[in-house]
1. Does the range 55-64 include one or more residues that are modelled with pLDDT of 80 or more, part of a strand (DSSP E or B), touching a helix residue (DSSP H, G or I) at 6+ places or on another chain (Cβ under 9 Å) and over 24 Å from T15 (Cα atoms)?
2. Residues to consider are A176, A106; find the one that is closer than 15 Å to F46 by Cα and open to solvent by 40 Å² or more (accessible area, probe 1.4 Å).
3. Specify the residue that is nearest to S27 (Cα to Cα); the eligible residues are those in the range 109-137 that are crowded, with 23+ Cβ neighbours inside 10 Å and of a type in the set (S, T, N, Q).
4. Just give me the residues in the range 138-171 being among the polar types (S, T, N, Q) and either surrounded by 14 or more Cβ atoms within 10 Å (Cβ to Cβ) or closer than 22 Å to L204 by Cβ (or both), in sequence order.
5. Mind checking which pairs have a first residue in the range 189-211 that is open to solvent by 20 Å² or more (accessible area, probe 1.4 Å) and a second that is part of a helix (DSSP H, G or I), Cβ under 7 Å, 6 or more apart or different chains?
6. Here are some conditions: (1) modelled with pLDDT of 85 or more; (2) not in a strand (DSSP E or B). Y30 meets all but one. Which one does it not meet?
Amino acid sequence: SAKILTIGAFVTQVTNIENHLVERGVSFPYHYFVDHEGCSTTFYLFDFAGKMSGFQTYNPNGIRAISGSGRRQKEAFKDLAKYWTYVSKGEHNRRLNVVWGLETLALHKDVVFVTEGVFDSVKVHNFGMPSLAVLSNDPCDDIMTQFSLLKRTKTVVVLCDADAAGTKLAKLGHFAFRTPSFDGKKDLGDLTQEEANQFLCAVLFEVGKHA
């Protein structure tokens, strides 16, 4: 018998992807590709050796989540998804460890922020600090190992949601802070840059007291 997929609610249509990205704060010279016709953006993902090993396509007109049984079935609906992530596989058919925002480590700051999503990290980059998006709220053991190495030379600060998944993500850093609610907005990526700056200034102040 046929398997059933659940499709979420549709959103207001975006017609100009570049204007939309500017509205969401995308200004840093990232490695990404803009598809004007398809009104989508593909962000390239890199492993910790600096090798491109995956990508995440963002379609603002897509569906927030598509759930169902089997990756092949979900792949048939990837053009409908708001976020679609592909990561290459390495030895033993295991997905490689990738992050987004690796190029911002070149900012040479003592503190590196970690977030779950691309647009969360965008707010940090616009604040002038490096940030890596791990694209997961449940980091695997391998990526935990990578961050344990990073923590030897940088102060790693995790910005997470106030839920059980955020608690798992917090394990990647020396410090972890939950994003406060601003007018009902709970995700860092949904805050205005001014709100994000206010939050990040407070975080750096607290880190400075305890580092």
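1. Restricting attention to the range 55-64, the residues satisfying the condition of being modelled with pLDDT of 80 or more are 55-63.
With the extra rule that they be part of a strand (DSSP E or B), the set shrinks to 55-58, 63.
Right, trim to touching a helix residue (DSSP H, G or I) at 6+ places or on another chain (Cβ under 9 Å) and you get 56-58, 63.
Those left that are additionally over 24 Å from T15 (Cα atoms): none.
No, every residue in the range 55-64 fails to be modelled with pLDDT of 80 or more, part of a strand (DSSP E or B), touching a helix residue (DSSP H, G or I) at 6+ places or on another chain (Cβ under 9 Å) and over 24 Å from T15 (Cα atoms).
2. Details: A176 fails: closer than 15 Å to F46 by Cα.
That would be A106, the only listed residue that is closer than 15 Å to F46 by Cα and open to solvent by 40 Å² or more (accessible area, probe 1.4 Å).
3. In this case the residue turns out to be S121.
4. Scanning the range 138-171 gives Q146, T153, T155, T167.
5. Q193/K123; Q193/N126
6. Status for Y30: all satisfied but (1).
The values are calculated or read from the model by the stated rules, or taken from the named source; none is laboratory data. The structure presented is a predicted model; accordingly, all values stated were derived computationally and were not measured. Don't worry about glycine lacking a Cβ; one is built from the backbone with ideal geometry, like all the others, and counts go over all protein chains shown. Heads up: the accessible areas ignore ligands, DNA and RNA and are worked out on the full protein's heavy atoms, side chains in. Shrake-Rupley method; radii C 1.70, N 1.55, O 1.52, S 1.80 Å.
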